[in-house]
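All remarks here apply to the structure that follows.
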């Protein structure tokens, strides 16, 4: 008499919970549903020498942190802006603000620059934002 052994994998809720840390949780559902991953790696690496300030330049002094926080709050409060614009880098160094990253349109680029200028004035804003070319 021959006995066939069949192995089955049963995933219990406890097993799934214990192994949740092993799974990537990088918004894969959003990428699949939209069809386009939100990856700006190539754009962010382009011409790094032309950029003025980067996130590494941000200091922890109270005035620069306050400037960055005020601009970020203004940007996040504007629900007409795309996720790209909401994720733009805002760096304040000695009262001078640099905007880096990618936005969806020239209007968003201008809007972010204006929001920064409302906090520090136009003469203290460097707009290094790039407009993502439509596909």
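Among the residues of the stretch 64-77, those that are in contact with a helix residue (DSSP H, G or I) (Cβ under 7 Å, 6 or more places away or on another chain) and more than 17 Å from residue 131 (Cβ to Cβ) comprise 67, 70, 71, 74, 76.
Is it fair to say residue 54 is surrounded by fewer than 11 Cβ atoms within 10 Å (Cβ to Cβ) and modelled with pLDDT under 95? Answer is no for this residue. Within the stretch 93-111, the set of residues being without any contact (Cβ under 8 Å) to a residue 60 or more places away in the chain and assigned to a strand (DSSP E or B) comprises 93, 96, 97, 98, 99, 100, 103.
The set of residues in the stretch 90-118 being closer than 24 Å to residue 132 by Cβ, in contact with a helix residue (DSSP H, G or I) (Cβ under 6 Å, 6 or more places away or on another chain) and surrounded by fewer than 20 Cβ atoms within 10 Å (Cβ to Cβ) consists of 104 alone.
The single condition from (1) at pLDDT below 95; (2) more than 19 Å from residue 132 (Cα to Cα); (3) assigned to a helix (DSSP H, G or I) that residue 60 fails is (3).
The values are calculated or read from the model by the stated rules, or taken from the named source; none is laboratory data. Small disclaimer: the values here were computed from a predicted structure and weren't measured. Note: ideal-geometry Cβ built from the backbone for every residue, glycine included; neighbour counts use all protein chains shown.
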